[in-house]
1. If you scan the range 79-100, which residues turn out to be open to solvent by 20 Å² or more (accessible area, probe 1.4 Å) and either touching a strand residue (DSSP E or B) at 6+ places or on another chain (Cβ under 7 Å) or in a helix (DSSP H, G or I) (or both)?
2. What's the total number of residues in the range 60-78 that are more than 16 Å from the ligand (Cβ to nearest atom) and either open to solvent by 30 Å² or more (accessible area, probe 1.4 Å) or part of a helix (DSSP H, G or I) (or both)?
3. Looking at the structure I just gave you, is ILE187 open to solvent by 10 Å² or more (accessible area, probe 1.4 Å), within 16 Å of the ligand (Cβ to nearest atom) and within 20 Å of PHE243 (Cβ to Cβ)?
4. I need the full set of residues from the range 101-115 which are open to solvent by 10 Å² or more (accessible area, probe 1.4 Å) and assigned to a strand (DSSP E or B), in order please.
5. Quick one: would you say TYR205 is more than 16 Å from the ligand (Cβ to nearest atom), farther than 22 Å from LEU65 by Cβ, at pLDDT 95 or above and of a type in the set (Phe, Trp, Tyr)?
6. Which condition number does GLN262 fail, the rest of (1) without any contact (Cβ under 8 Å) to a residue 40 or more places away in the chain; (2) surrounded by fewer than 17 Cβ atoms within 10 Å (Cβ to Cβ); (3) more than 26 Å from SER108 (Cβ to Cβ) being met?
7. Any chance you could count how many residues in the range 131-173 are within 16 Å of the ligand (Cβ to nearest atom) and part of a loop (DSSP other than H, G, I, E, B)?
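The values are calculated or read from the model by the stated rules, or taken from the named source; none is laboratory data. Remember, it's a predicted structure, so these values are computed and weren't measured experimentally. For neighbour counting, all protein chains shown are included, and Cβ atoms are generated from backbone atoms with ideal geometry for every residue, glycine included. What goes into the accessible areas is simple: the full protein's heavy atoms, side chains included, and nothing from ligands, DNA or RNA. Shrake-Rupley method; radii C 1.70, N 1.55, O 1.52, S 1.80 Å.
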Amino acid sequence: MRSVPFFNYQALFKQDEENFIHIFKEVGRRGAYIMQSDLTDFEKHLAEYTGAKYALGVANATDGLQMLLMSVGIGSGDEVLFCSHTMVATASAIHFAGAIPVPVDTGSDHLMDPDSIEKAITSKTKAIVVTQLNGRTANMNAIMAIAKKHHLRVVEDAAQALGSKFAGQCAGTFDVGGCISFYPAKILGCFGDGGAVLCNDEAVYKKLLLLRDHGRNEHGEVAGWGFNSRLDNLQAAFLDYQFKDYAHVISRRRVIANLYQQRLAGIASVVLPPAPDADPQHFDVFQNYEIEAERRDELRNYLKEKGIGTLIQWGGKAVHQFPALQFTQVLPKTDHILARMLMLPLNMSLSDDDIHYVCDVITEFYSKDVLAA
Ligand SMILES: *Cc1c(COP(=O)(O)O)cnc(C)c1O
């Protein structure tokens, strides 16, 4: 039986083992561990690629988001809106910046629902954090218009969306900036934790530089309180090397999404994400291929029996659904999606035959329904 793992962590290294070992030796022999040229080169390439004025490497995207919010001046007593269909990290970054995270509902494309934003705005609301989920960028025209009308800052959790665009503009660059994650399973993954902040505002960027390095300025003097949240120079070297091939990676991911679209579009029991060429306003990079499925858990087990790995994002709970976090918001659209959503394998280790196999098994699962009816 064919085996199609959801994600192959070994392959991340093995796909190019010799070159990675070469980079490790080369950086090691230079003793270039913390904030060296490999980091500044990578930051430069990230800014160029995304069109952000600045990019800076940080320890992980969650830290990046928290520091970005703090640098913008979001803090105690401020309410910050975010879509509940996101990683808990989005909300915890708001929480640890000292502000109050306020979850809002999810739209049919699984991203923040612009209609539910306005309903949640109060006199204390200061910012909207938009999660550019699954490698898709939200309709930023709608969101920026709401932000402008209510004088709110927009900060993006673009952890899953490096290179994703709306109306030709990259995720993480629409207002003050956004965070990117290099967690191994992200599209551009390193061998551990890593992240970056994209930023369009010089004053905010200068605060970020201090915050990520103990509050120290370029002369090494402490200019305020800070964290230790730097991107390791070695990880930056691995990332910069892999980044050269990023356009190819994205185009392969879009080919896989197209295959799923062609093979699964006729099945009435599943709802697919928007197809790669469905809307010229959107350029999706397909960090994930998240479908909605009837009898989701049964389908998941059936796929598992056939050797196919799937994943339910966030362990199956949106942020407002974690009892320990004590949210009181009622978000019916999010609840509906969370009960049905399932991610199919989409990664660089998969062959076209693997994708056809996944689609055969899904087709088989639902055709049994038809026969039984
Ligand atoms: C992965 C992810 C994060 C966290 O990224 P880290 O680099 O692990 O901190 C935050 N938000 C979203 C939407 C993510 O997918």
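1. GLU79, VAL88, SER92, HIS95, PHE96, ILE100 - these are the residues of the range 79-100 that are open to solvent by 20 Å² or more (accessible area, probe 1.4 Å) and either touching a strand residue (DSSP E or B) at 6+ places or on another chain (Cβ under 7 Å) or in a helix (DSSP H, G or I) (or both).
2. 5
3. yes
4. Listed by number, the residues that qualify are PRO101, VAL102.
5. no
6. With respect to (1) without any contact (Cβ under 8 Å) to a residue 40 or more places away in the chain; (2) surrounded by fewer than 17 Cβ atoms within 10 Å (Cβ to Cβ); (3) more than 26 Å from SER108 (Cβ to Cβ), GLN262 is out only on (3).
7. The total comes to 13.
One line per residue, one yes/no per condition, for (1) closer than 30 Å to MET112 by Cα; (2) open to solvent by 50 Å² or more (accessible area, probe 1.4 Å); (3) within 14 Å of the ligand (Cβ to nearest atom); (4) in contact with a His (Cβ under 6 Å, 6 or more places away or on another chain):
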residue: ILE21; (1), (2), (3), (4): no, yes, no, no
residue: ALA32; (1), (2), (3), (4): no, no, no, no
residue: ASP41; (1), (2), (3), (4): no, yes, no, no
residue: GLY51; (1), (2), (3), (4): yes, yes, no, no
